[in-house]
Amino acid sequence: MLITSLPMRCCTLFLFTLLFSITCLQAQREHSFYFSPGVFYFLSEWSTDADPEVYPSNFFPDLQDDPGGQLVITWQPPGRFGAMVSVGYQPARVSGGSLYNRQTEVRQVVEYDVGTDWWVTAGPSFCLDVGPSGGRLSFHLLGGYRQVNLENAMETYIDLTDFNRKTRLYSFSDQGGWILLAGGKASAPFGNGPFGFFIMGNLVFSQTKQDVTDLLNADDLFLPGLKFRQRALMGSLGLSVKL
Amino acid sequence: MKDMRYLLLFTLLGCLSYGCEKTTPYDETTYPSEEDFALTDTIAFYLNDLLWQPLGRRSSSAVLQAYKINRFDYSTFSDPLSDVHTFWIRPFMILRYEDRRILHQKLEMEIKQVPAELLSEGTVLLDGSDGRTMHIYDDLNDRVYQATPEHSVLLTFTSFEPASGRVEAFFSGSVIGTDTASVVKRISNGRVTMTLE
């Protein structure tokens, strides 16, 4: 699945959320539904995977995620097993940490515009415990689609062979990817009402592929199909509404 | 309360994770500040577009080479009888990546017999003549660049405080490779502060 335009992405997210909500509302009354909007942060490390014969320099762009927003919808039928859907959006950019060849170059500046990173996941959840006042502790395993749209990044560096300043303009073309979230969610209600507070922690495994091109130096496709892999700890917090 | 225990547990795990974040590496692109030049002995210039400043020591190991900026070797000699001053400036610039040197250069400036009145406001031309030399030794590329009459470096003294011995000078110009290629390199935005012995 490759959805490239922003309106298409928004429509997909909206329809996905709407359909799930309608399904939830039509279910039996003893089922519980939790809508949990919040913010999250990835403490992450991106790595790249490429054929060393194709990319002998072994220096690749680095990605960096900024804090983002998240909506978690939990369906809890009678019993311990339930289902969870989580959608997230965050700004993404090229940090440029190892963009340049550090054996022959000294980096001066990387300028970039902030791109977008969004994902949709779904999967089972398991409610470990429910407290006397309605607080819950649950675990989940979610998987889904991820798309990282990076804007161009301009790199200015010093070539240590002639000490002159040079420039590269990297362009990124996303090919989509996948994301896995494994973690737990703890929530506590405010008094006896439907509103509450939640904290969520996840181990994140993700991969996205990008075609990376140097627009200025006309090397055609510079790094085609470069795989970016992410391992991260993800922390979220926000409000929770029980229906 | 049982529910709050879960919240505290997750908060604690989050704080521990945040504490594991890495620090950023040293940025070698920042020109020394006015405060650096005023308070410490400092030298910096651009070699073409490379910001050249003393980094590392010739004999230091990779561990000890902690990029101490602008701790450079120089010596001065003042003759009280004739009131002239002599400077020998010998800083190194060494950059490493994964224990491998990617830049190893030594700058040598010899400025002999400078009359005291020039230290407050005056110029000296480094053109390779006796006592007016500038060399850059590029060990990795096995090259030497030097000032010559055609490619010289103009050094302008701008301030001298006799009480403290603080001297400040600006310099710019060009140097040329001594090998057959004779590549010319620009020297710009040069600035140095020293203290007379």
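The values are calculated or read from the model by the stated rules, or taken from the named source; none is laboratory data. What you are looking at is a predicted structure, and each value in this text was computed from that prediction instead of being measured. Neighbour counts run over all protein chains shown; Cβ positions are idealised from the backbone, glycine included. Keep in mind that these areas ignore ligands, DNA and RNA; they rest on the heavy atoms of the full protein, side chains included. Shrake-Rupley method; radii C 1.70, N 1.55, O 1.52, S 1.80 Å.
Here are the numbers:
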item: Test set (1) assigned to a strand (DSSP E or B); (2) free of Cβ contacts under 8 Å to residues at least 60 places away in the same chain; (3) of a type outside the set (D, E, K, R) - B:Pro149 fails condition number; result: (1)
item: Matching option when the condition is within 15 Å of B:Leu50 (Cβ to Cβ) and modelled with pLDDT of 90 or more, among B:Ser172, B:Ser152, B:Ser129; result: B:Ser172
item: Residue within the stretch A:124-135 that is within 13 Å of chain B (Cβ to nearest Cβ) and crowded, with 20+ Cβ neighbours inside 10 Å present; result: yes
item: Test for B:Asp139: is it under 25 Å from B:Leu55 (Cα atoms), among the charged types (D, E, K, R) and at pLDDT below 95; result: yes
item: Evaluation of B:Ser59 against (1) open to solvent by less than 10 Å² (accessible area, probe 1.4 Å); (2) more than 14 Å from chain A (Cβ to nearest Cβ); (3) at pLDDT below 90 (one fails), failing number; result: (1)
item: Residue within the stretch A:109-120 that is in contact (Cβ under 8 Å) with a residue 24 or more places away in the chain, farther than 30 Å from B:Gln53 by Cα and within 14 Å of chain B (Cβ to nearest Cβ) present; result: no
item: Unmet criterion (only one of (1) away from chain B (no Cβ under 14 Å); (2) of a type in the set (S, T, N, Q); (3) open to solvent by 30 Å² or more (accessible area, probe 1.4 Å)) for A:Ser86; result: (3)
item: Any chance A:Asp214 is more than 19 Å from the chain's Cα centre (by Cα), charged (D, E, K, R), modelled with pLDDT under 90 and closer than 28 Å to A:Glu45 by Cα; result: yes
item: A:Leu233 among the hydrophobic types (A, V, I, L, M, F, W, C), over 13 Å from the mean Cα position of the chain (by Cα) and closer than 26 Å to A:Tyr112 by Cα; result: no
item: A:Asp174, sole failed condition from (1) more than 30 Å from A:Ser236 (Cβ to Cβ); (2) in contact (Cβ under 8 Å) with a residue 60 or more places away in the chain; result: (1)
item: One residue from A:Pro124, A:Pro91, A:Pro78 being modelled with pLDDT of 85 or more and in a loop (DSSP other than H, G, I, E, B); result: A:Pro78
item: Long-range neighbours under 7 Å by Cβ, at least six apart or interchain, first residue at negative phi within the stretch A:131-145, second part of a strand (DSSP E or B) and among the charged types (D, E, K, R); result: A:Leu137/A:Asp129; A:Ser138/A:Lys185; A:His140/A:Lys185
item: Single unsatisfied condition, A:Leu239 versus (1) touching a Leu at 6+ places or on another chain (Cβ under 8 Å); (2) part of a strand (DSSP E or B); result: (1)
item: Residue under evaluation A:Glu105, criteria (1) open to solvent by less than 30 Å² (accessible area, probe 1.4 Å); (2) under 19 Å from the mean Cα position of the chain (by Cα); (3) within 30 Å of B:Leu95 (Cβ to Cβ), criterion not met; result: (2)
item: Test: residue in the stretch B:42-56 that is farther than 30 Å from A:Glu45 by Cα, modelled with pLDDT under 90 and touching a Gly at 6+ places or on another chain (Cβ under 7 Å); result: no
item: Considering residues of the stretch A:144-191 that are part of a loop (DSSP other than H, G, I, E, B), farther than 22 Å from A:Leu128 by Cβ and open to solvent by 20 Å² or more (accessible area, probe 1.4 Å) only, the residue modelled with the lowest pLDDT; result: A:Gly191
item: Residue that is within 14 Å of chain B (Cβ to nearest Cβ) and closer than 19 Å to A:Trp118 by Cβ, where the choices are A:Asn192, A:Asn202; result: A:Asn202
